[in-house]
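Asks: Pasting a structure below so you can have a look.
Each reported figure results from applying straightforward, stated rules to the coordinates on display, with no laboratory input. Note that this is a predicted model, so its numbers are computed, not measured. Cβ placement follows ideal geometry from the backbone for every residue including glycine, while neighbour counts extend to all protein chains displayed.
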Amino acid sequence: MSKSKKIPLMFMGGLATSVWAEPRATYDVDGVIALEETNLEQFFNEAVKEGFDFDRNQPVKIIQGFPFITLIYPAKKRHKVCVDLFLARSGYAKEALSRLEEITFKGLKISVIAPEDLILYKLISGRSRDIDDVREILLTQKGRLKMKYLKKWAERLGVITQLEDEISSLFPDER
């Protein structure tokens with residue numbers, strides 16, 4: 001995208017799950033981006049210049065209360081990759097973006113969501129694949145997760161029961 005203006009962005013979804021747990025296949029790219037309403041038009045113009053397309057009728061959609069945009073790359077080829085970017089508008093989304101972690105993969109620095117925030121987003125989503133990912137992250141990152149932060153935000157986001165259920169099923173002696 002635009003090289004003149006850096007927009008904070010971090011990857012999440014299957015890509016980030018592969019960082020914090022056992023790697024798994026994924027067919028799309030998910031991220032969180034600090035993109036304000038006033039910058040959307042310029043962002044979409046830059047995306048089109050780079051070969052992306054998007055839904056021009058409804059560029060911003062809402063899922064589970066979170067606004068997001070979907071970019072499609074390449075715009076005119078048969079095999080496409082969808083890039084879902086959640087807009088960091090809520091206090092929580094901004095907090096999660098501020099906690100991103102940089103990793104290096106084959107010499108390239110990549111910003112990924114912290115494991116605690118990935119767990120929270122996946123609990124909010126609640127899909128079976130996401131709950132499986134939550135379990136894998138909890139197991140793989142055991143002893144390294146910031147549990148106080150995780151439980152605080154799980155409570156605020158309304159997913160504390162789901163989090164506690166997963167923890168107690170994985171670690172019955174530690175509840």
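Asks: Test of understanding: ordering L157, L97, L170 by Cβ neighbours within 10 Å, fewest first, what list do you get?
Replies: L170, L157, L97
Asks: Among H79, A93, P23, whose Cα sits farthest toward the positive end of the charge dipole of region 9-174 (+1 at Cβ of Lys/Arg, -1 at Cβ of Asp/Glu, about the Cα centre)?
Replies: With unit charges placed on the Cβ atoms, the residue in question is H79.
Asks: Set the Förster radius R0 to 35 Å, insert the Cβ-Cβ distance between E36 and L170 as r into 1/(1 + (r/R0)^6), and round the FRET efficiency to 0.05.
Replies: Rounded to the nearest 0.05, the efficiency is 0.35.
Asks: In the structure displayed, which of K77/K151; K80/K151; K76/K151; K76/K109 lie more than 32 Å apart, Cα to Cα?
Replies: Beyond 32 Å: K77/K151; K80/K151; K76/K151.
Asks: Next question. Quick one: in the chain, what % of C-alpha pairs are over 31 Å apart?
Replies: 17 percent
Asks: When you have a sec, figure out the Kirkwood radius of region 75-175 from all distinct Cα pair distances and drop it here in Å to one decimal?
Replies: 15.1 Å
Asks: Taking a threshold of 31 Å on the Cα-Cα distance, which of the pairs K49/K94; K6/K122; K94/K142 fall above it?
Replies: Among K49/K94; K6/K122; K94/K142, the Cα-Cα distance tops 31 Å for no pair.
Asks: Sort M147, M12 so that the residue with the fewest other Cβ atoms within 10 Å of its own Cβ comes first and the one with the most comes last.
Replies: Ascending Cβ contact count within 10 Å gives the list M147, M12.
Asks: Could I ask something else about it? If region 22-61 were replaced by its equivalent ellipsoid, with semi-axes equal to the square roots of 5 times the Cα gyration tensor eigenvalues, what would those be, largest first, whole Å?
Replies: Semi-axis lengths for region 22-61 are 23, 13, 11 Å.
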